[in-house]
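Heads up, the thing below is written out as structure tokens.
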Amino acid sequence: MLVFHTVADLQAFLLEKKGDIGFVPTMGALHQGHLSLIKRAKEENDLVICSIFVNPTQFNDKKDLENYPRTEQRDLELLATAGCDAAFTPSIKEIYPIEDNSVFEFGSLDKVMEGSFRPGHFNGVALVVKRLFEIVKPKRAYFGQKDFQQLAIIRQLKEKLNLPVEIIGCPTVRESDGLAMSSRNMRLTEEERKSAASIPKVLFNAKKLYKEMSVSEIKQWAMEQLAKQPLLTPEYFEIVDSSSLQPIKSWSDTKECVACVAVKAGAVRLIDNMVLFP
Ligand code: AMP
């Protein structure tokens, strides 16, 4: 696998290539969730590019940025084994040669959940994804449903800017106890990791139980279940329409709905979600 650190070198390589480019943007500390995106991209494209870039503009919390796990050597080995053709590991200056203060408008999509708990987060995501698309010019780009709201934002970014790329959402890959794989999981202590297993349990139970409760009852029940666990502090448990991401009040408000959750396990913030129906 080739590794490029600069835009110029990556683009010189891409200029020589024919066929469809599949692109997987990541922040590194790779796991099987990321590799499932590489696998899907390989199935559907002639060339697969993966970027590893811890994007400072999407971190609203300086400590979170400093503590974000960085395991580049291991990441490159995993990517090579997965059959990725090229990795792009740019510096901050390569991605942002001049300060970019663009402000994106996502209507109501970024006013809820992650958008309200992490001010500026999705604007930073949009900045980096737009810039990476301009550099790589992929035919298809792959994103995890694990970051459900991010996927909705990126789909809207594509529509609004009329970007010539197909956005493909891929299922969440989980650990054997159900915990959604995440780069942040490696920062959990043993005790926090044990408690974190209750996050998917609550989501799976919500899917089983939702017909027996009202929307507000299930939200309250889920928050209580999570708060009971040692070391867990739930931030939100929201039930939203899968397209508009607006919270619903009654089950009949929508035909498609997803439960989204954010929880702090010690100092580590984890998110997950589950489609309740259809
Ligand atoms: P990140 O490195 O966390 O920015 O994630 C890079 C991409 O991998 C994003 O599109 C994520 O949604 C996706 N991803 C992260 N974790 C998982 C997972 N457990 N299953 C599937 N995709 C994931």
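A few comments on the model shown:
- Mean accessible surface per residue for region 182-278, computed with a 1.4 Å probe while every protein chain stays in place, in Å²: 49
- Two-site label geometry, Ala8 and Lys93: point separation in nm, points 7 Å out along Cα→Cβ: 1.2
- Potential lengthening of the chain between Ser252 and Asp61 amounts to 65.0 nm, from the contour at 0.36 nm per residue minus the alpha-carbon distance.
- Per-residue ellipticity at 222 nm, computed for the chain from helices alone with -39500 (n - 2.57) per DSSP H run of at least four residues, works out to -11500 deg cm²/dmol.
- Virtual spin-label span in nm between Lys211 and Asn162, 7 Å along Cα→Cβ: 4.6
- Pairwise centroid distance, computed over Cα atoms, of region 187-235 with region 53-112, Å: 29
- Among Leu203, Val258, Ser242 - extreme Cα towards positive end, dipole of region 196-276, charges at beta-carbon: Leu203
- A 1.4 Å probe run over the protein chains yields, for region 1-139, 49 Å² of accessible area per residue, whole-number rounding.
- Think of each Lys and Arg Cβ as +1 and each Asp and Glu Cβ as -1; about the Cα centre, that makes the dipole of region 77-215 roughly 400 debye.
- Residues of region 243-278 with amide N under 14 Å of the 7 Å Cα→Cβ point at Ser116: 245-249, 260-262
- Per DSSP, loop GluC sites (Glu not before Pro) in region 87-167 with at most 15 further Cβ within 10 Å: Glu99, Glu105
The values are calculated or read from the model by the stated rules, or taken from the named source; none is laboratory data. This is a predicted model, so every value here is computed, not measured. Methodologically, a virtual Cβ is constructed for each residue, glycine included, from the backbone with ideal geometry; neighbour enumeration extends over all protein chains shown. Note: accessible area is taken over every heavy atom of the protein model, side chains too, but ligands, DNA and RNA are not part of it. Shrake-Rupley method; radii C 1.70, N 1.55, O 1.52, S 1.80 Å.
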